[in-house]
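The values are calculated or read from the model by the stated rules, or taken from the named source; none is laboratory data. Being a predicted model, the structure only gives us computed values, none of them experimental. In this analysis, Cβ positions are derived from the backbone assuming ideal geometry, glycine residues included, and neighbour counts consider all displayed protein chains. Heavy atoms of the whole protein, side chains included, go into the accessibility calculation; ligands, DNA and RNA do not. Shrake-Rupley method; radii C 1.70, N 1.55, O 1.52, S 1.80 Å.
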Amino acid sequence: MAQALDANNNMKATRKDTGLRLMSRPFAKVGRLVIFGVNHLGAAAIFLFLALSQIFRRKQFAKIIEQIYFIGARSISIIILVSLFTGMVLGLQAHHALVQFGAEGAVGSLVSLSLIMELGPVLTAIMITARAGSAIAAEIGILRISEQIDALSTMRINPMRYLISPRIAAAIVSFPILTAVFDLVGIFGGYVSAVLLVGLNSGAYWHSIQVYVTSGDIFDGFVKAVVFAVIVATVCCYQGYFAHMRRDSHGAQSVGLATTSAVVLSCVLILVSDYVVTSLLI
Amino acid sequence: MDAPLIEFRNVTKRFGSNTVLDRVNLQIYEGQVTTIIGLSGSGKSVMLKHIIGLLQPDEGEILFRGRPIAKIGRARKAVLFSQISYMFQGNALFDSMSVYDNIALPLRETTRLSKSEIDRRVMARIEQTELTEAVWRFPSELSGGMQKRVALARALITDPKIVLFDEPTTGQDPVRKNAILSMIAQYQRKLNFTAVLVSHEIPDVYFISNRILALYDRQIVFQGTPEELENFDHPFMDEVINSLEALQKELTGLYSQRQFKMLNHARMKRQSAEVYGVIVFSLQEMNTLIPKIGHDAAQEALRNLGLAINRHFGIIGGMSTRRNTNEFITMLPHADLAETESLLREFVKDFETQTLDALKDRTCRVAAGDAADLAVLAGIAEGRNFSDVNETIVQAKMKQHEIARLRCAASGENR
């Protein structure tokens, strides 16, 4: 009789335990995700710090120039193409909207401020992520899985100095320059559509830019470009560098997934940080 | 024996729940070639990566000249590790760099040498490793053997004191395997570095190794000379050595020294007072020949001699083995001195017509104005079952004389 009662109590306790475990499961999952996120955030911060500390070391200049050529110079054509059409669309839309209020004279300032403060830095960062960021993540990922990074360590060559620092430094230099190119070509695109195609007065277009665009707006745009540069370069290098530690895949597959993660995470972080930086600058 | 250069004390390494090394104890001595043998996936590469600091032990300690590496200061550790080179199993060459840039990389990044000095050193290594034709090619454009040589040149470019070779002959054909081992042995003698190899090439690797370490079931079960390993009584011998030796026998037709001894021992037990003949073959002047015709061609010559010996004497019941880098022994049961001499004469005729001509075409590629000679020596002796076979071998060796000569001139005309 006593044994039966014990068994009954044990069963009840087990059911209670199972119920608690089921109820706490979503919290445990959220907890794990938070710990995972905080871990990676901390690791990425240390990663960035180590890379930045190696930028001004000996023999870095040539490597940085090489990376500026890859990230910056080779991205110019795509940046010009995208910015031209972005400016043209903006010019058309702005003219179409403002003409209804008789304010078509503000087309130039609307196009230029949209580009300088928002679209220029954001679209430039996204385009460079797609073109160069993915390539950086894939290249470093392949170096990792084929033991080439280990080989650097065995040769007493610091992989952070040799691989990561030049890329982050090059991104910090290239992003603002490409953003400036994007802004200028975009403003020209707006001129083409609003003035040459739709017939807005040329003087009105340039005058409104001169009146409404301040050096502070341009500075804010460049601040965003530098922030995006650090985010994109760090995320892409970090994803590639630790491709071998992914739990969801191995070998070549891990490089593929690291590249995808690098692009997706960079784009998301560009938009999130854009809001944060804008709110701080306004 | 001197104090060890590197020592593992109770080193344990786990990856998750998988224990790869379990309280491993081993010693590596300065100036020696130490080879770690064991089954695939048994943790040999993990051991090497501990030596160079790519992995850290979970338990136990690694000592360098008696001092635990973990307790050595950062600056001194950097100096220590700068004396060690590592040749990766998969070569780990930078595929976006040319052969030249791959080899020059450690010098460019870790030294303050001038461009001309780097160039001089790199080109010297490139010539020594027979890569002159591939200087500006990329690793993906090279054969597996050439990639290994690039990795070897890169590992040696900084004149390291310790070189770790992680399966340096993986994926190579038998000639290339022996060429790489011979190259390692040659550089080890010349530069006097401490070499640690992970290899499956049994028994070939014995010829260049001073010490063998056997890794079995997550522990080092044997440390000693190749000769001592032959008398080692452990399941490792059945599971690892026998299977690798059988594979080698299948590939070359030659018995390993251990198999040779065992067969000889069994034969002696069966019959009493039987005579047998011994022939000792050697290739002379190999060391002077290698710089002229290259490691590959020299190994090709050696391999062809081995194949010719096995082909000729194997069908009449002879047992042959390779004794060291350039020496073969054939034992002819029931043959007295006269029969052995007659069989050797027939072999010489066969060798000259079937092997020497082919060798001349394949291996005689010397530079214009240069010449190289390769002499094949042979000596015979008669032994009896109750006598010591080693004494008979020594007697045969003392009577060695030239039986054939391969003369390589630039035109390839003379012999």
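Just a few scattered comments:
- Largest first, the residues A:His95, A:His40 sort by 1.4 Å accessible area into A:His40, A:His95.
- Among the residues of region B:46-64, those with an accessible-area drop of 50 Å² or more from chain alone to full protein complex, heavy atoms and 1.4 Å probe, are B:Leu54.
- In order along region A:178-195, the phi-based Karplus estimate (6.51 cos²θ - 1.76 cosθ + 1.60, θ = phi - 60°) of 3J(HN,Hα) comes to 5, 5, 4, 4, 4, 4, 5, 5, x, 5, 5, x, x, 4, 4, 6, 6, 8 Hz; Gly and Pro are listed as x.
- Taking 7 Å steps out from each Cα toward its Cβ at B:Ser387 and A:Ala204 produces label points 11.9 nm apart.
- Ranking A:Gly256, B:Thr34, A:Ile164 by how far each Cα lies toward the positive end of the dipole of the protein assembly as shown (charges on Cβ) leaves A:Ile164 at the top.
- Enclosed volume per residue, in Å³, of the convex hull spanned by Cα atoms of region A:1-52: 57
- Considering only alpha-carbon pairs that sit under 8 angstrom and 6 or more positions apart, the relative contact order computed for chain A is 29 percent.
- Those aspartates and glutamates that a straight Cα-Cα span of less than 19 Å connects to B:Lys177, excepting residues fewer than 8 apart in one chain: B:Glu130, B:Asp166, B:Glu167, B:Glu201, B:Asp204, B:Glu245, B:Glu250, B:Asp296, B:Glu300, B:Glu327
- Accessible area buried, both sides summed, chains B and A with 1.4 Å probe, Å²: 1700
- Database remark: amide H of B:Arg14 closer than 5 angstrom to the amide H of B:Val20, B:Asp58 (H placed geometrically; neighbours at sequence offset of 5 or more, or on other chains; Pro and chain starts carry no H).
- For chain A, with all protein chains in place and a probe radius of 1.4 Å, 71% of the accessible heavy-atom surface sits on carbon or sulfur.
- Long-range HN-HN contacts of B:Arg323 with modeled amide H, under 5 Å: B:Phe328, B:Ile329
- For region B:20-52 and region A:74-105, distance of Cα centres in Å: 66
- DSSP bridge pairs, chain B: antiparallel proportion in percent, nearest 5: 75
- For the protein assembly as shown, share of DSSP beta bridges that run antiparallel, in % to the nearest 5: 75
- Taking all protein chains into account, the per residue accessible area for chain A stands at 52 Å² (1.4 Å probe).
- Ellipsoid equivalent to the protein assembly as shown - semi-axes via the Cα gyration tensor, in Å: 67, 35, 21
- Percent of alpha-carbon pairs separated by more than 16 Å within region B:192-236: 37
- Residue-normalised accessible area of chain B, expressed per residue, 1.4 Å probe, Å²: 44
- Put simply, the amide H of B:Phe165, placed in the peptide plane, has neighbours under 5 Å in B:Met87, B:Val196, B:Leu197, B:Val198, leaving out anything fewer than 5 places away on its chain.
- Protection proxy ranking, peptides B:105-114, B:42-51, average beta carbon neighbours within 10 Å, highest first: B:42-51, B:105-114
- Kirkwood Rh (inverse of mean 1/r, distinct Cα pairs), region B:14-132, angstrom: 17.3
- For region A:1-160, the Cβ-based charge dipole about the Cα centre amounts to some 680 debye (Lys, Arg positive; Asp, Glu negative; other atoms uncharged).
- From phi via Karplus (6.51, -1.76, 1.60), per-residue ³J(HN,Hα) for region A:129-141 in Hz, x at Gly/Pro: 4, 5, 7, 9, x, 5, 5, 5, 4, 5, 4, 5, x
- Spin-label model distance (nm) - B:Ser17 vs A:Ala43, 7 Å beyond Cα toward Cβ: 2.3
- The calculated 222 nm mean residue ellipticity attributable to helices in chain B amounts to -12000 deg cm²/dmol, summing -39500 (n - 2.57) over DSSP H runs of n ≥ 4 and dividing by all residues.
- Burial of 30 Å² or greater, region A:129-159 residues [accessible area, probe 1.4 Å, versus chain by itself]: A:Glu147, A:Gln148, A:Asp150, A:Ala151, A:Thr154, A:Met155, A:Arg156, A:Ile157
- Computed over chain A, the per-residue total of -39500 (n - 2.57) for DSSP H runs of n ≥ 4 gives a 222 nm mean residue ellipticity of -26500 deg cm²/dmol, rounded to 500.
- Over chain B, relative contact order from alpha-carbon pairs under 8 Å, at least 6 apart, %: 15
- Spherically averaged projected area in nm², based on the convex hull that wraps the Cα atoms of chain B: 22.5
- Positions from region B:69-86 whose accessible area shrinks by 30 Å² or more when the full protein complex is built, not the chain alone, probe 1.4 Å: B:Phe81
- With every protein chain in place, chain B: carbon and sulfur % of accessible area (1.4 Å): 47
- Computed from point charges on the beta carbon alone (+1 for Lys and Arg, -1 for Asp and Glu), the dipole magnitude for the protein assembly as shown about its Cα centre is near 1680 Debye.
- Expressed in units of 2.2 N^0.38 Å, where N is the residue count, the Cα radius of gyration of region A:59-281 is 1.18.
- 3J(HN,Hα) along region A:33-50: 4, 5, 4, 4, x, 5, 4, 5, 4, x, 4, 5, 5, 5, 4, 5, 4, 4 Hz, from the Karplus curve 6.51 cos²θ - 1.76 cosθ + 1.60 with θ = phi - 60°, whole Hz, x for Gly and Pro.
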